[in-house]
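Okay, so here's the structure we're looking at.
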2 protein chains.
Amino acid sequence: MFRATCIAKRATHAPPLYRLAPTSYARLTSPALLARTYATTFESPSSKLIRRARTAAKYTFFVFGSTVVGCVVLTGAIFLHDAFTYHNRNIEGVPVAPRALQPERGGPKNLPILSTLLSDWEDDENRGLAEKPHLVIVGGGWGAVGVLDKINPGDYHVTIVSPETYTTFTPLLPFRMTAAAVGTVSVRSLVEPLRKIAARLRGHLINARAVDLVMSERLLEVETISPNGLKDQHMYIPYDKLIIAVGSTSSTHGVPGLEHCFQLKTVSDAQAIRKRIIDNFEAASLPTTTPEERKRLLSFVVCGGGPTGVETAAEIYDLCQEDLMNYFPKICRKEVSIHVIQSREHILNTYSEAISRYAEDKFNRDHIDLITMARVSSIDHDKVTYTRRKPDGKVETFEIPTNFILWSTGIAMNPFTKRVSELLPNQVHKKAIEVDAHLRVKGAPLGTVYAIGDASTIETSIVSYLLELVDEADKNKDGKIDYDEWKIMVSRIKKRIPMAEEQLMKVRELFDLYDSDADNSLNLNELAVLLQEIGNKITALPATAQVASQQGKYLGKKLSKLAERRSVLEANGLTMDEGDEALAPPFRYRHLGSLAYIGNAAVFDLGRFSFMGGLAAMYAWRSVYWSEQVSMRTRALLMIDWVVRGIWGRDLSRL
Amino acid sequence: MFRATCIAKRATHAPPLYRLAPTSYARLTSPALLARTYATTFESPSSKLIRRARTAAKYTFFVFGSTVVGCVVLTGAIFLHDAFTYHNRNIEGVPVAPRALQPERGGPKNLPILSTLLSDWEDDENRGLAEKPHLVIVGGGWGAVGVLDKINPGDYHVTIVSPETYTTFTPLLPFRMTAAAVGTVSVRSLVEPLRKIAARLRGHLINARAVDLVMSERLLEVETISPNGLKDQHMYIPYDKLIIAVGSTSSTHGVPGLEHCFQLKTVSDAQAIRKRIIDNFEAASLPTTTPEERKRLLSFVVCGGGPTGVETAAEIYDLCQEDLMNYFPKICRKEVSIHVIQSREHILNTYSEAISRYAEDKFNRDHIDLITMARVSSIDHDKVTYTRRKPDGKVETFEIPTNFILWSTGIAMNPFTKRVSELLPNQVHKKAIEVDAHLRVKGAPLGTVYAIGDASTIETSIVSYLLELVDEADKNKDGKIDYDEWKIMVSRIKKRIPMAEEQLMKVRELFDLYDSDADNSLNLNELAVLLQEIGNKITALPATAQVASQQGKYLGKKLSKLAERRSVLEANGLTMDEGDEALAPPFRYRHLGSLAYIGNAAVFDLGRFSFMGGLAAMYAWRSVYWSEQVSMRTRALLMIDWVVRGIWGRDLSRL
């Protein structure tokens, strides 16, 4: 505008350009008109600039205009589509198998056996599926969704057994729903109904809890989760292939008083946490609350310095800084204290050192109280007690008065996993079901029972395969392994237990190191020691969503391959149950990096290199989080959540 | 493309247009080039058409392109804005009044008195507000939000007392959250934190339940809602003006077994209803469920044919028709039955007859079971029992086995309203606190206690003002009212009780009708009969969000006017408490129409004319619903919800 006026002024001093009658000229003396005339006639550099600016403005306006038009058209289209989603459908007489309405009883406990489900006779496609091998997936988390994602439709009759009717997306990191806990992300964008996910495979959902397993008869015993006014029932679900993907529970470490703690495993947990935080603030804002009580109400303690703990602490900090501060008395903000109790020397200790230092620095800047090398000894409803060893070896005891304690310190077996482990004498692992590299449960009938995710751990003991390995590698049958034979053996081990790969990098060095008698060959004793020690060095896979998801996808692909190649297998004298090794390589984990969100900053650990920082990293974190969502619906909702958060702040209501 | 090729073919047969060297010509024989040359040279009608089509295509493409660009820019801008919302703020030493940290005790029960709140000394603005009259609003619903909406900032020290920290938007219709119950609308778009709403006025929230009132000392007794690990406390909140806007509870009608019923008053209710519906479907889809049990699980009973009941029934029907059908065995859909039990002859009986007939026809087409003229006699956990009088006068008893019962049959007083009513001897109304036309609680000290919304009812008894009215109107003081005096009286009555207006339309007729002795004047006896009968004919305002919201806004405006004109009032020898009549007309309700959503159709009752129909009416209903939202945030979320519903269907998870 300012520029236009300048030009206009200059223009009035310019000589008349056309022979104009005085009246016409008077008509043209309007500065804006003159400017236009001047601009179109003389092509001076500045007027060129103006012309371009004007064109640019015109185009900007046009782009803006068409954006509005486009958005209106799009909205219209969506509502038009919406209008067509309202219609009535009629249900004709749908055939139901008599066996589905009145299931036979059987098995050791003489319970109903659900060999046919209600919708199995609904149409030809379902009838066909009912004849296929029955695949039963226990659990509805990352592992289960991974399997469902990769199985080809039509290969299996799929049944999901889950006490929840939805799956919760806790992407990449274990229990990643801190954000929901404090209102950044609304609950609906974190869940997806299992029935919708299973619809692609025409799968079924049994809303029940798995309680027992009869491996000899291939029956899974479940207990239904019934609505009020209905008794819980027990029944058997027959399977050809069973996948255990039930996750884990929190490890108690024998600490008394855990009933006063929150956990962060389900969406309900997240909602309860949020409610408590807001409730504490509300109580703290009353004048009748004493200053000590106010301090206690606004003291938030997180036990465990892993990703869940660190992210919760960071989110609570953000909530206080950004949103609550505007609406609660400022004295409340002043009294807030956040404490993270960690047993190791550093938080995020499974990440690279640089990352854990970055996170610690950030927390120190934010005055989040980091208490490392400490053990929680007991928990009361109003305080946490922990101990720390002083440099002189003496143990000191501390107390933090608080009204909010989050417990997130490692995993333990849930009742069903424990039961399965008890049924198999060779299962000795304390925290999960041991599986072989093909994810088959060790000790269960071959190729019928698999376990994935937090519920499982892949065996790392190579020494138990000693004789087999020697038999394969000892080409000259002298009972000893020379260097050439050792090379063969190494490749066999790598194939059998891919996780040992890293330990077997230095083939020559290993050979020389363990050849105690220096006879240029390894005898059985030397080999036993070698394999034992290598086995000990392998670190188990972490209990993360990333591992569960990869295992689920691996298993889904393999099962579809098994179904496809069934005839090939049978031609080779193998049953489907024996096909795992013949058709697919063992499971191999590809670490895609760990990441954590620590209060308007994020850290990435991609193995080789780390990446950390403020907003840029946070947006990178968001984009990974976002791309890991399973459905477009949750993806859209999540994006909307972030936009809503950006515009209107976090939701302070405590629903 | 096809068209372009045709043109190109024609073009090759066209005579050479320019004198071209053979090579140049050859260069031009590329069909596309030729077509272009042809098109720009010959302006045949068809080529004009093509040119226009091409221009149109170009523009469409451009509009589309710029929409995309615009959207990207917009998203970028939102994220840029978002980036600036992450920042740290430091809390300096914030002054807090010593009295706020250690409240004095007093009042009849010697409880702490919150005369100063924690943030009252935070800054100069808050200090100034602390000196203003203290306005205390009890409740956080439509009425309270209406008041908050209209008060000018700086006029009052505002405190909201509410057991919930958020307000729930139940627009226009009582308890309008059926949609949330079945997943069409997510919970977050229905709520808005009260602290955010109060922020404009720098208002305070006390998260507590009002329990008692000491009118002589202007103290409100409240009981805090404490988080786990904290005792509930009682305290007094002093007020200069108190507004009771606590709503109502459901009327029990003395029916036993109501603990087995759902209600639809809060968001938690809506969530519980949704969970039960999905749970029932899950249990019904198990083969072990007997056919009778399945029928019972899928039978949904709604007691009450008012808007809430009708809309819930319609939403359950929609849910079954549209979403559950795709994911549950079809036999479940077949067994669904929905029952509406209504005591009157028609559902939606407060609406026009045409509407109630339309709704009934729609329900009949949808096979929703309408049971009219029936009374629920008892409720068990697994069935509803109701009675109906047969034409011969005999009472028949029926039972519906069910696992879902919604109770929505009228309102009753909640404990606080009951207590207030007990404190005032002239309060005799059974369902609410009686207020005068200025919304002042009858019997309470003038101008200090108001009641609005469901908690209140406006007095309709004119006869109690008889002597006052005669005194004002009887100009010649003959103890009788002649026609001219009657006209004066009518205008006085209209001013005092605007709700009587409709009954007083026919001034002459009334005069003649009640002038029993035909002496052309009304004596006191005749007047008493007249006023009594007119009072009886006035219908009380319905217990709707619309009434509550209008009353709240009326009161907010009036209170601000009182504060503004304080000096004028005092100059006239009036206190602020006496200013109601001097400064503002009595409350006058403007009926904006009733509407109800009945399963992909909606009905509107706008007094003079009704409007009902399918999708068009539904969208109209949505737009009213939408415009009635209080914040842009909930408005945006609601729009998003509808779009999400349109694209991905209802959310089947039961959170």
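Per-structure values
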read-out	value
Which listed residue is in contact with a strand residue (DSSP E or B) (Cβ under 9 Å, 6 or more places away or on another chain) and more than 29 Å from A:Leu297 (Cβ to Cβ), from B:His234, B:His253	B:His253
Subset of region A:348-388 that is assigned to a strand (DSSP E or B) and touching a helix residue (DSSP H, G or I) at 6+ places or on another chain (Cβ under 7 Å) - its residue that is surrounded by the most Cβ atoms within 10 Å (Cβ to Cβ)	A:Ile379
Condition check for B:Ala270: among the small types (Gly, Ala, Ser) and in contact with an Asp or Glu (Cβ under 9 Å, 6 or more places away or on another chain)	no
Residue under evaluation A:Val301, criteria (1) touching a Gly at 6+ places or on another chain (Cβ under 6 Å); (2) part of a strand (DSSP E or B), criterion not met	(1)
Residues within region B:132-154 that are charged (D, E, K, R) and closer than 19 Å to B:Ile206 by Cα, tallied	2
Qualifying residue in region A:253-265 (condition: of a type outside the set (A, V, I, L, M, F, W, C), within 12 Å of chain B (Cβ to nearest Cβ) and out of contact with any Ser or Thr (no Cβ under 8 Å at 6 or more places or on another chain))	yes
Residue list for region B:398-453, restricted to those being part of a strand (DSSP E or B), hydrophobic (A, V, I, L, M, F, W, C) and farther than 21 Å from B:Gly579 by Cβ	B:Phe398, B:Ile400, B:Phe404, B:Ile405, B:Leu406, B:Trp407, B:Ile411, B:Ala412, B:Ile433
Any hit, region B:331-354, residues being within 18 Å of B:Leu370 (Cα to Cα), away from chain A (no Cβ under 12 Å) and of a type in the set (Lys, Arg)	yes
Single residue of A:Glu104, A:Glu131 found to be more than 33 Å from the chain's Cα centre (by Cα), charged (D, E, K, R) and farther than 18 Å from A:Tyr236 by Cβ	A:Glu131
Residues satisfying the stated conditions in region A:223-250, i.e. away from chain B (no Cβ under 13 Å), in contact with a Gly (Cβ under 9 Å, 6 or more places away or on another chain) and on the phi < 0 side of the Ramachandran plot	A:Lys241, A:Ile243, A:Ile244, A:Ala245, A:Val246, A:Ser248, A:Ser250
Among (1) in contact (Cβ under 8 Å) with a residue 12 or more places away in the chain; (2) assigned to a helix (DSSP H, G or I); (3) of a type in the set (Asp, Glu) - the single one A:Glu345 does not satisfy	(2)
Extreme residue, surrounded by the fewest Cβ atoms within 10 Å (Cβ to Cβ), among residues of region A:114-140 that are in a loop (DSSP other than H, G, I, E, B) and away from chain B (no Cβ under 14 Å)	A:Glu131
Residues being away from chain B (no Cβ under 11 Å) and not in a loop (DSSP other than H, G, I, E, B) - total across region A:198-222	11
Residue in region A:429-446 that is among the β-branched types (Val, Ile, Thr) and farther than 18 Å from A:Tyr554 by Cβ present	no
Any hit, region B:424-433, residues being farther than 15 Å from B:Ser251 by Cβ and within 14 Å of chain A (Cβ to nearest Cβ)	no
Subset tally (residues that are free of Cβ contacts under 8 Å to residues at least 40 places away in the same chain and surrounded by 18 or more Cβ atoms within 10 Å (Cβ to Cβ)) for region B:505-525	4
Only one of A:Ala540, A:Ala528 that is surrounded by fewer than 22 Cβ atoms within 10 Å (Cβ to Cβ), modelled with pLDDT of 85 or more and small (Gly, Ala, Ser)	A:Ala528
Odd one out for B:Glu468, checked against (1) part of a loop (DSSP other than H, G, I, E, B); (2) surrounded by fewer than 19 Cβ atoms within 10 Å (Cβ to Cβ)	(1)
Where A:Gly453 falls short, out of the listed (1) among the small types (Gly, Ala, Ser); (2) more than 31 Å from the chain's Cα centre (by Cα); (3) at pLDDT 90 or above	(2)
Residue in region A:475-494 that is modelled with the lowest pLDDT, counting only those that are part of a loop (DSSP other than H, G, I, E, B) and surrounded by fewer than 17 Cβ atoms within 10 Å (Cβ to Cβ)	A:Gly479
Filter result (at pLDDT below 85 and touching a Phe, Trp or Tyr at 6+ places or on another chain (Cβ under 8 Å)) within region B:268-290	B:Asp269, B:Ala272, B:Ile273
Conditions (1) free of Cβ contacts under 8 Å to residues at least 24 places away in the same chain; (2) among the basic types (Lys, Arg); (3) buried (at least 16 other Cβ atoms within 10 Å of the Cβ); number of the one not met by B:Lys231	(3)
Where B:Gly573 falls short, out of the listed (1) closer than 22 Å to B:Pro445 by Cα; (2) in contact with an Asp or Glu (Cβ under 7 Å, 6 or more places away or on another chain)	(2)
Positions within region B:234-281 being surrounded by 23 or more Cβ atoms within 10 Å (Cβ to Cβ) and more than 28 Å from B:Thr165 (Cβ to Cβ), in sequence order	B:Asn280, B:Phe281
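The values are calculated or read from the model by the stated rules, or taken from the named source; none is laboratory data. Predicted model, so just to flag it, every value in this text is computed and none were measured. Heads up, the Cβs are rebuilt from the backbone with ideal geometry, glycines too, and the neighbour counts pull from every protein chain shown.
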